[in-house]
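A quick write-up on the structure given underneath.
The values are calculated or read from the model by the stated rules, or taken from the named source; none is laboratory data. None of the values given here were measured: they were computed from a predicted structure. Cβ sites come from the backbone with ideal geometry, for glycine too, and all protein chains shown count toward neighbours. To get the accessible areas, we keep the full protein, side chains included, count just its heavy atoms, and leave off ligands, DNA and RNA. Shrake-Rupley method; radii C 1.70, N 1.55, O 1.52, S 1.80 Å.
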Amino acid sequence: MSFRALVTDKAADGTLTSSVQQIDDARLPDGDVTVDIDWAGLNYKDGLCLTGGGGLVRNFPHVAGVDFAGTVCESASDRFAVGDKVVLTGWRVGETHWGGYAQRARVKSEWLVPLPKGLSTRDAMIVGTAGLTAMLAVDRLEQAGLKPTNGEVLVTGAAGGVGSIAVALLARLGYDVAALSGRPQHAEALKALGAKTIIDRTEFLAQSDKPLEAARWAAAIDNVGGRLLAKVLAQVKYDGLVATIGMAGGTDLPATVIPFILRGVTLIGIDSVMRPTEQRLAAWQRIAETFDIAAYGGLVEEIGLEQLPDAAQHILAGEVNGRIIVRPS
Ligand code: NDP
């Protein structure tokens, strides 16, 4: 048996190239469950894995794809039987283990969760790592005390995958959401997802930096990092909360301690990759109950394996609006 996969290889000069190839099943990595993949997702990290950014992939040839959903076709696990629908996100699959840009994947059963009730495999990849991480961030903010009555919640990188789903989830949960985006052309789509206010990234960054700025946000979900996150921290209200998810704008944090020691601000790190299974199951359940996938449909683009190398460049350039999902067959 063989399957189609996007195989990424490294040339002698260090550059990565990817091509669609037919792969024999015997080359699948170790694992106790084999999955026929219906859909995979495209995430910022996939852009890095396909282009060599961040040095995330060490062994070549490699099959990238940090998330996928599909149907179990072989199982040596008592947790999953042939025919079960499953979802995988994280656990460094697509980085250190072959991932979702293929018709078939073999993985450890402990990395899989059952497809949440009410979602199709396509729905699950519209959500993908992006949506799961947005939900985990909302969960953590609420565990730290956030309630809709606390005030406005800011989401940065709002037109991207994590950002747009964070906007939609927060709005459905009754929060007053402000969406910060560098792409004013997506303002209407963000309002349709439930954002009450649109903040223009260029205008936001044009104001000079101070350790404390006018206090506005009860909480924030940040996908960008860098100077933008430092500025968000300076604008958070007393006892406010900031969840840091991403680094689309940089990994540095040119901030001061002043917001923490004068306003009691809390900075919460969010990692979806190694998140324990019970928390994933709870987050997926809450997504299935909360996220209006039909209303999000206009922000979904479907591509095939052949289009992934170009799409990887677009996501790293901050040009993807919403979610790109990948059909490997
Ligand atoms: P996307 O590319 O879909 O979204 C990122 C968004 O950030 C862009 O759409 C853009 O939004 C904004 N952005 C991009 N470049 C810049 C820049 N130079 N300066 C300021 N803003 C910028 O990526 P994802 O949604 O997949 O991921 C977002 C981030 O979250 C990434 O850094 C990713 O690595 C991280 N992540 C972390 C996870 C975790 O477990 N901690 C899990 C998933 C993702 P706009 O145009 O609206 O401003």
Checklist entry - Whose amide H sits under 5 Å from the amide H of ILE199, counting only residues 5 or more places off or on another chain, with H placed in the peptide plane? => result ALA179, LEU180, SER181
Item to check | Using θ = phi - 60° and Karplus 6.51 cos²θ - 1.76 cosθ + 1.60, couplings along the range 175-185 (whole Hz; Gly, Pro as x) | outcome: 7, 8, 9, 10, 9, 9, 9, x, 10, x, 5
Item to check | Probe 1.4 Å, protein heavy atoms only - accessible area per residue of the chain in square angstrom | outcome: 41
Next on the checklist: Using the Karplus curve 6.51 cos²θ - 1.76 cosθ + 1.60 with θ = phi - 60°, what ³J(HN,Hα) values do you get for each residue of the range 8-25, in whole Hz, with x for Gly and Pro?
Outcome noted: 9, 10, 10, 7, 4, 7, x, 6, 9, 10, 10, 8, 7, 9, 8, 10, 6, 3
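Using helices alone, I'd like the mean residue ellipticity at 222 nm for the chain: each DSSP H run of four-plus residues gives -39500 (n - 2.57), total over residue count, nearest 500. Write down the numbers at each step before the final one.
Values: 10 runs with 98 residues, N = 329.
It lands at -8500 deg cm²/dmol.
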Checklist entry - Going down the list LYS85/LYS108; LYS10/LYS108; LYS147/LYS237; LYS147/LYS196; LYS147/LYS191, which pairs span over 23 Å between their C-alpha atoms? => result LYS10/LYS108
Item to check | Rounded tilt (10° steps) of 121-143 against the dominant C-alpha axis of the chain | outcome: 40
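Roughly what percent of Cα-Cα pairs across the range 267-329 reach past 14 Å? Walk me through the numbers on the way to the answer.
Details: 1388 of 1953 pairs.
Counting every Cα pair in the range 267-329, those more than 14 Å apart make up 71 percent.
Tell me, what is the Rg over Rh of the range 105-238, with Rh the Kirkwood radius over Cα pairs?
Details: Rg = 16.1 Å, Rh = 15.8 Å.
On the Cα set of the range 105-238, Rg over Rh gives 1.02.
Would you mind telling me the antiparallel percentage of the DSSP bridges in the range 129-269, rounded to 5?
On the way: 0 of 20 bridges.
That works out to approximately 0 percent antiparallel.
Taking the Cα centre of the chain as origin and charging only Cβ (+1 Lys, Arg; -1 Asp, Glu), how large is the dipole, in debye to the nearest 20?
Numbers: 31 positive and 37 negative charges, 130 e Å.
So the magnitude is around 620 debye.
Computed over the Cα atoms of the chain, what is the ratio Rg over Rh, Rh following Kirkwood? Display every interim value, and only then the final one.
Working: Rg = 19.8 Å, Rh = 20.1 Å.
Reported Rg/Rh, Kirkwood definition of Rh: 0.98.
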Next on the checklist: Cβ neighbours within 10 Å, averaged per peptide: list 183-194, 228-239 in order, most packed at the top.
Outcome noted: 228-239, 183-194
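For the peptides 167-177, 255-265, what is the packing order when you average, over each peptide's residues, the other Cβ atoms within 10 Å and list the highest mean first?
By packing density, highest mean first, the sequence is 167-177, 255-265.
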Checklist entry - For q = 0.19 Å⁻¹, what log10 I(q)/I(0) does the range 1-48 give under the Debye formula with an equal point scatterer on each alpha carbon and no solvent? => result -0.87
Checklist entry - Around LYS147, which amide H atoms from residues at least 5 apart in sequence, or from another chain, sit under 5 Å from its own amide H, with H modelled in the peptide plane? => result none
Checklist entry - Cβ under 11 Å from THR156's Cβ, THR156 left aside: what net charge do those residues give with Lys, Arg +1 and Asp, Glu -1? => result +1
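Considering only protein heavy atoms and a 1.4 Å probe, what is the carbon-and-sulfur percentage of the accessible area of the range 227-269? Walk me through the numbers before you get to the answer.
On the way: 1150 of 1950 Å².
Within the range 227-269, the accessible surface is 59 percent carbon and sulfur.
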Checklist entry - In degrees, nearest 10, range 0 to 90: what is the angle between the Cα axis of helix 161-172 and the longest Cα principal axis of the chain? => result 60
Item to check | Whole-Hz couplings from phi, Karplus 6.51/-1.76/1.60, listed for the range 298-313; x for Gly and Pro | outcome: x, 9, 10, 10, 9, 9, x, 4, 4, 7, 4, x, 5, 4, 4, 5
Checklist outcome for this item: In degrees rounded to 10, the 0-90 angle between helix 277-290 Cα long axis and the longest Cα principal axis of the chain is 70
Next on the checklist: I want the antiparallel fraction of DSSP beta bridges within the chain, as a percent rounded to 5.
Outcome noted: 55
Item to check | Ordering of 58-67, 131-140, 285-294 by burial proxy (mean other Cβ atoms within 10 Å per residue, highest first) | outcome: 131-140, 58-67, 285-294
Next on the checklist: Ignoring ligands, DNA and RNA, please state the percent of accessible area on the range 1-105 from carbon and sulfur, probe 1.4 Å.
Outcome noted: 47
